[in-house]
Structure formats: C-alpha cells, structure tokens
Amino acid sequence: MAALLLMAVVAVGYAMAGLLVVGGTVDRFRAAATGTAASADQVGGTVALLHTTAVVSAVVSLLVGVLLAGLALGLGSGRAGARVAVWVVCGLGVLGGCCGLALLVGQRSVPLQPSADDPASTELLGLIADAYPGWWIPLGGGLSVGQTLGYLVVAALLALPAANAWFHRRPAPVAHPGFPTRPVPHPQQPLPIMSPHPPAEDRQ
C-alpha cells in the first residue's frame, strides 16, 4: 500500500514537472530553429507537437497517479478485487516502463538521419531532445527504471503469505444495538414460605 502511494505521488509530480518545463523547452527550440532551413509553419507545427505531447503526458501521469492511489486504498480495506486489479496494473506498468526505457535509449543512441524528401522536418525533430533541460532525459530514464522495479516489488509483496492472510481474514462480528450480546439469566422465583403451624382444620 505504501509503495503504491509513493508511486502515485511520483506520477503526479512528474506530470506537474512536465508542464513546468515545456515553456522553456519551446523557447530554446525556437531559438535553435532559427538557424535551420525550416519554414515558420514547420516550426509552429513542431511547437504544437511539443505542447500536445506535454499535455498528453501530464494527463496520463495524473490519471496513473489517481489510479494507483485508489488501488492503494482498496488494498488497505482488504478487497480481493483490488488485489487482482493491482496485479493487472503491475503487469501493464512493467511493460510500459520497459517500452519507455527502450524508446529513450533508442532515441539517444540512434540519431535521426536527414530525409531526402523533407530534411527540414527531420532537422527540427532532432532539435527537440536538445531543447529539453539537461536533467530531463536522465530523469525520465530513472523514472522508467524505478517504475518497473516498483511494480515488480508490489506484485511480489502481494504474493507473500502475509498478504494472503490479510485478504482472507474473517471480519469480526458486529454487535447490533438494542440486542443483548450475552444471554441474560432469568431471575429465580422465590420459594413459597411454609407456615410452621398447620391450619386449624388439619388439626381436627
């Protein structure tokens, strides 16, 4: 539960950071694009792509954070359905983290080659990575690795015997008000008091 809450906070923080850095990234990109052969429309289209990518990435990260927080609350209440949902999310998260890391490594290791049909657009796309702050790319790679490890840890913790006992525990009986929880003993009836002297008719 704590691991999921931490991952939710990180996801929300990453969404906010992506929106904060997009302004400076666009300014640096425009400055670098002035020395290229790209037209104003091509530069404007690439800037729109930067804004759209930042907004979509922030929305996805925010939704992931909300989902992880909800699943953490479900685990805390001991719901078996939340446990299954977390396993599904962990599988998708590991897959997404590996794909994101592979894409990031591929972009950094294999530079874009100029296209014969549209060399200006290829050059503009190559400037996008340099327009981001120097710490942004390592941060994205580190979060991809941390995301993958975090999902693996959460999935492993949910498979422990302690987790099985938590989700299969029996709820304590609830005492309803107005009804006694213990049997109330009945008051004993007093024994009749015998007279020490028999009636007069018995003596006759």
* Just the number, please: carbon plus sulfur as a percent of the accessible area of segment 28-105, 1.4 Å probe, no ligands or DNA/RNA counted. => 76
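Computed FRET efficiency, Cβ-Cβ of residue 130 and residue 160, R0 45 Å: what is it to the nearest 0.05? Before the final figure, lay out each step's value.
Numbers: r = 46 Å, r/R0 = 1.02.
My answer for the efficiency is 0.50.
Taking only the C-alpha atoms, wrap a convex hull around segment 16-89 and report its volume per residue in Å³ as a whole number. Before the final figure, lay out the partial values.
Values: hull volume 6.6 nm³, N = 74.
Roughly 89 Å³ of hull volume per residue.
Could you tell me the calculated FRET efficiency between residue 39 and residue 63, based on Cβ-Cβ distance and R0 = 35 angstrom, to the nearest 0.05?
My answer for the efficiency is 0.45.
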* Skip the ligands, DNA and RNA, and give the accessible area per residue of segment 37-107 with a 1.4 Å probe, whole Å². => 53
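The values are calculated or read from the model by the stated rules, or taken from the named source; none is laboratory data. Everything numeric in this text was worked out from a predicted model, so none of it was measured. In this analysis, Cβ positions are derived from the backbone assuming ideal geometry, glycine residues included, and neighbour counts consider all displayed protein chains. Ligands, DNA and RNA are stripped out before the accessible areas are found, and what is left, the full protein with its side chains, is counted by its heavy atoms. Shrake-Rupley method; radii C 1.70, N 1.55, O 1.52, S 1.80 Å.
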